[in-house]
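Q: Take this structure first; my questions come after.
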Amino acid sequence: MNLKTPNRLARLAAKLSALLLAPLILTGCWDSVEINNRSVILEFAVDKYLGDNDTSKPLDDQNRYEITYSIPDMAKISGTESLATDMKTNILVTAPTIATSLDDLETRTRNTITFSHVKVILLGEELLKDAKLFEESIDAITRGRVIARNVPILAVKGRTEDAMNVENTQQPLLGLYMMNYFNNKERPQAYFKSQLLGNFIKDMQDTGIATMPIFHLADNEEGNTEKPDDNASSASKSDISSDAAASDVTASEAAEDDGKASSTGEEASSTGYDISGGAIIKNYELVEYVDKDVVRGQLIVDGDIKNAPVVIEYDGYPLTYIIQHASSRKKFRTIDGQLSLVVELDIDGSIAEYVSTDENNIFNTPSMDEIKMLLANEILRQAFIAIDKSHEINVDFLHVGQAMYRKEPDMWDKYKPSWEDEGFRNFPIHINANVNIENTGIIQ
């Protein structure tokens, strides 16, 4: 009996030691940074620097980028009291590289900068036109995998600084607005093609061609790229400091600088925006902006269109059909002695709106067949808007060549050498559409 007592005491001592050490182990990482000491970047925008640049200076002293970082006030977001006057602070940084811009950014906030919660990346028009600078910026953004590859990227007609300063009554924080916008799975896919950072990089590696949705400013539909006076632009942001919990400058200090533009600034460039159309990118260079009808046709060819209305006229009245689901199969066939792409579309949807004055008019089989034919013709017409545009600008943004490489590699070896010159421009594309009406909306 006495021999077992020391063993019991030893086990008891071990348990007590474990309980005493538990609080020390569970206190967290001792060398990590608290959330209150971090400045969270929700969105940032990259522009090409258009001011005078002295190339005789060392590269480190030259300006090549204008980057706008948006830092929200976390206290205001959470609904608690805050010393900051605005929901967010936009800081414009001019720098030779994106990496060096962070040094300047760090000097304007007492907090540590983190990119782990970036929700959207905006790329300016002049940057997209400079293939070398555009590729460098994508490399800098993705290096180290600090920013998630599922972050949406958008092209801006004009300057991204204007887009960052836009006012929106639905959601003052552009990053959170974009997060909800692109995460909404019920949103119709009809007028723009989503583009994620990781997918864009893959497209550049695979084919060198990608479509990027366009961020339109309500007051800048013509895509004015005129750059304001550089000194005034720099003065507008250079003295703004930011803090994730509170701004490091007081409201009175901020008001003294008449050139400052805050996130809710009185001189915001626009009061709204929309996302539609696409920027066609080839080898990291903007080829052309295309309107929403071209992108709609692209979505049809790819089988990605969803919840999109199609309107036809039937028996003297407009009939609205909603495409609920589409699938696309691409095959290569020899037609009239020439290799061609044949796209087989299967479209499922319902009739959402139609008025008939004939009380006895029920959608019988002959009528339904006629309606399906009219719908198929309209869908094909919309699809050929994209096909004709791709042939016109001679850019294979429909990825016909990639489909040939995967399905007919031997034929691709034959077409590849001349594909970018005239091979794609002259390549025939045929489409067949099978339309299914799942619901007529008529109560019988």
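Q: Which is farthest toward the positive dipole end of the stretch 114-171 among G158, I138, S116, measuring Cα position about the Cα centre, with Cβ charges +1 (Lys, Arg) and -1 (Asp, Glu)?
A: S116
Q: Could I ask something else about it? Take the cross-link list K119/K282; K157/K414; K292/K372 and give me the ones stretching past 29 Å between alpha-carbons.
A: The answer is K157/K414.
Q: Based only on Cα atoms, what Rg/Rh ratio does the stretch 283-414 have, Rh being taken as Kirkwood's radius?
A: In the stretch 283-414, Rg relative to Rh is 1.06.
Q: Can I ask one more? Would you mind computing, in nm to one decimal, how far apart the modelled labels at R8 and Y317 are, each placed 7 Å from Cα along Cα→Cβ?
A: 9.1 nm
Q: R0 = 56 Å: FRET efficiency of E438 with K416, Cβ-based, nearest 0.05?
A: 0.85
Q: Using 0.36 nm per residue, how much length does the chain from N183 to R425 gain when fully extended, once their Cα-Cα distance is taken away?
A: 83.5 nm
Q: At 7 Å along the Cα-to-beta-carbon direction for both D103 and L16, put a label point, then send me their distance in nm to one decimal.
A: So the label points at D103 and L16 sit 5.7 nm apart.
Q: Still on this structure: For the stretch 376-388, just list the computed ³J(HN,Hα) in residue order, Karplus coefficients 6.51, -1.76 and 1.60, θ = phi - 60°, integers in Hz, with x standing in for Gly and Pro.
A: Whole-Hz 3J(HN,Hα) from phi for the stretch 376-388: 4, 4, 5, 5, 5, 4, 5, 5, 6, 4, 6, 4, 5.
Q: Determine, for each peptide in 53-63, 344-354, 409-419, the mean count of other beta carbons within 10 angstrom over its residues, then list the peptides with the highest first.
A: The most tightly packed comes first, giving 344-354, 409-419, 53-63.
Q: Once you place label points 7 Å from the Cα toward the Cβ at E344 and D274, how far apart are they in nm?
A: Inter-label distance under the simple model: 3.7 nm.
Throughout, read-outs are computed from the coordinates displayed, never taken from laboratory work. It should be emphasised that the depicted structure is a prediction, and the values quoted were computed from it without experimental measurement. Virtual Cβ from ideal backbone geometry, glycine too; neighbours counted across all protein chains shown.
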